[in-house]
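Asks: Provided herewith is a single structure, encoded as structure tokens, for subsequent inquiry.
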Amino acid sequence: MEKKQWSSNLLFLITAIGTEAGIANFWKFTYLAGQNGGAAFVFVYFVALATLAVPALIAEMLIGRYCGRSVAGCMRLLVERDRVSPAWKSYGAIALTGIFLVLSFYFVVCGWMLRYFVLGLSGSFVKMQPNQAVTLYENMLANPGWMLACSGFFILLTTLIVAHGVNKGIERVSGILTPLRFVILIGLCAYASIVGDTRAAAEFLLSFHFDRLTWKVILAAVGQAFFSLGVGAGVLMTVGALIVTGTATNVCVESTARDAMMLDFRVFMPHDATAALDQDAHLAGVRSVMQSFADIRPVDALLALIDKAPT
């Protein structure tokens, strides 16, 4: 049975970036910034990113690492084991519902992309005028058969990838597609700088228009910060649940050691009786626990201490 853990920190990072940073973030960000005050919008966006979105993202990942379960499982465990408010269980259901709705939207958009990709290979966009592009889009929407076929293809492909598990499915695909996404982005930027007006684009995006900086614009910038990182849906909570930090028994070992230390117990841990994927991962996990929670000793030394302890 496949271990439900990331093979390495690099693959975890690549997958995390793939789940949070899509090309849609870039095109949505540019037109929102240009329409809502340019550099003023960008300034509010980065402030919101640093003070709200990134801390929330880290919190999601840490909760996932602590609980070792999906978003719904994390909320249920926190309520049952850590006695947080039972209302948090509803967050798990809301997050799963939100993810389902987002996927239903993304599958449709991916179907459009596939259709446009096929049309692009056939040369349909050569010398196309704006009004012709609008007509093409409307004709595509008027053909539900094509849309269902293209969207269905992506649903089937996603199902097959997920069915192959974390290591043989998600990791392998993310390891290829996430770097490829940035290659495509760089290519698009290079093409746009050649055929477009780079100076006008920079002025549109970066000119300060503080007169447009209203509460509506501020809310749009904060919303874009959360959208950029995918915060709130619990995706990184699930991704973080599979982090390998050293010992394969990371969740129960670290949480038990921490809880015992907080109750003023002196905590000991056998350094040669914990499981890890390799020696380096084992030593990294042992050092982490030793620095924070426990006194690490060999099993023989701990047994000797137990024998000498007063009864």
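The values are calculated or read from the model by the stated rules, or taken from the named source; none is laboratory data. Note that this is a predicted model, so its numbers are computed, not measured. Quick reminder, even Gly has a Cβ in these numbers, built from the backbone with ideal geometry, and neighbours come from all protein chains shown.
Asks: Of Tyr45, Tyr66, which residue is surrounded by 14 or more Cβ atoms within 10 Å (Cβ to Cβ), over 21 Å from Val166 (Cβ atoms) and not hydrophobic (A, V, I, L, M, F, W, C)?
Replies: On inspection, the qualifying residue turns out to be Tyr45.
Asks: Could you list, ordered by first residue, the pairs with Cβ atoms under 8 Å in which the first is in segment 299-311 and farther than 23 Å from Val286 by Cβ and assigned by TED's automatic domain parsing to the domain that holds Pro270 and the second is at pLDDT below 75 and of a type outside the set (D, E, K, R), at least 6 apart or interchain?
Replies: So the pair list comes out empty.
Asks: Condition test on Ile176, is it at pLDDT 85 or above and touching a helix residue (DSSP H, G or I) at 6+ places or on another chain (Cβ under 6 Å)?
Replies: So Ile176 does not fit the description; no.
Asks: Restricting segment 228-244 to residues that are at pLDDT 75 or above and in a loop (DSSP other than H, G, I, E, B), which is surrounded by the most Cβ atoms within 10 Å (Cβ to Cβ)?
Replies: Out of the qualifying residues, it is Gly234.
Asks: May I pose another question? Hey, among Arg76, Arg65, Arg69, which residue is part of a loop (DSSP other than H, G, I, E, B) and under 19 Å from Gly234 (Cα atoms)?
Replies: Going through Arg76, Arg65, Arg69 in turn, just one is part of a loop (DSSP other than H, G, I, E, B) and under 19 Å from Gly234 (Cα atoms): Arg69.
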